[in-house]
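The values are calculated or read from the model by the stated rules, or taken from the named source; none is laboratory data. Treat the numbers as computed from the prediction; the structure is a model and nothing was measured. With ligands, DNA and RNA removed, areas are computed over all heavy atoms of the protein, side chains included. Shrake-Rupley method; radii C 1.70, N 1.55, O 1.52, S 1.80 Å.
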Amino acid sequence: MASGVYCIKNKVSGKVYVGESIDIRRRWDSHRADLEKGDHYNEILRSAWLKYGQDAFEWLIIEECDRHLLREREAHWMREMSATDRKKGYNIRTIS
């Protein structure tokens, strides 16, 4: 699986969680496992998962990029998608 920036999108509310990984598929599996166990570190995303159910979420690759650009591109997409705005996203903190 490629490295890059991904999005977990709530199809009902439209809210997004943006992240980056050197192996997106493996990171998605980790998120999904933690959410299914009710043990995800992001309490806002965890609450939404419990409220809406897993079928309400879609997993999207936003951009594939080299490892050395991951943090920069994640910050860009978090800003672009307003991922830290509670009305639009689930991200807890910004990346600079």
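Only bridges whose two residues both fall in the chain count here: according to DSSP, what percent of them are antiparallel, nearest 5? Of those bridges, close to 95 percent are antiparallel.
Using θ = phi - 60° in the Karplus curve 6.51 cos²θ - 1.76 cosθ + 1.60, the 3J(HN,Hα) couplings for the stretch 4-11 round to x, 10, 10, 9, 10, 10, 7, 5 Hz; x is entered for Gly and Pro. A cut-off of 5 Å between modelled amide H atoms, ignoring neighbours fewer than 5 places along the same chain, links Ile62 with Val5, Tyr6, Cys7.
Using a 1.4 angstrom probe on the protein heavy atoms only, line up Glu58, Glu43 by accessible area, largest first. Before the final figure, lay out each step's value.
Numbers: Glu58 60, Glu43 120 Å².
The most accessible residue leads, giving Glu43, Glu58.
Working note: Debye formula, equal point scatterers on the alpha-carbon atoms of the chain, no solvent; log10 I(q)/I(0) at q = 0.23 Å⁻¹ is -1.24. Solvent exposure of the stretch 17-67, expressed per residue, is 59 Å² of accessible area, with all protein chains present and a 1.4 angstrom probe.
Report relative contact order for the chain in percent, whole number only (criteria: Cα-Cα under 8 Å, sequence separation at least 6).
On the way: 155 pairs, mean separation 37.6, N = 96.
Value for the chain: 39 percent.
3J(HN,Hα) along the stretch 78-95: 5, 5, 4, 9, 6, 5, 9, 6, 4, 7, 10, x, 10, 5, 7, 9, 7, 10 Hz, from the Karplus curve 6.51 cos²θ - 1.76 cosθ + 1.60 with θ = phi - 60°, whole Hz, x for Gly and Pro. The heavy atoms of Ile22 present about 80 square angstrom of accessible area, all protein chains included, probe 1.4 Å. Remark: the stretch 52-62, residue by residue, has Karplus-estimated 3J(HN,Hα) of 9, x, 4, 5, 7, 10, 10, 10, 10, 8, 7 Hz, where x stands for each Gly or Pro and the curve is 6.51 cos²θ - 1.76 cosθ + 1.60 at θ = phi - 60°.
Every helix of 4 or more DSSP H residues in the chain counts as -39500 (n - 2.57), and over all residues that averages to -11000 deg cm²/dmol at 222 nm.
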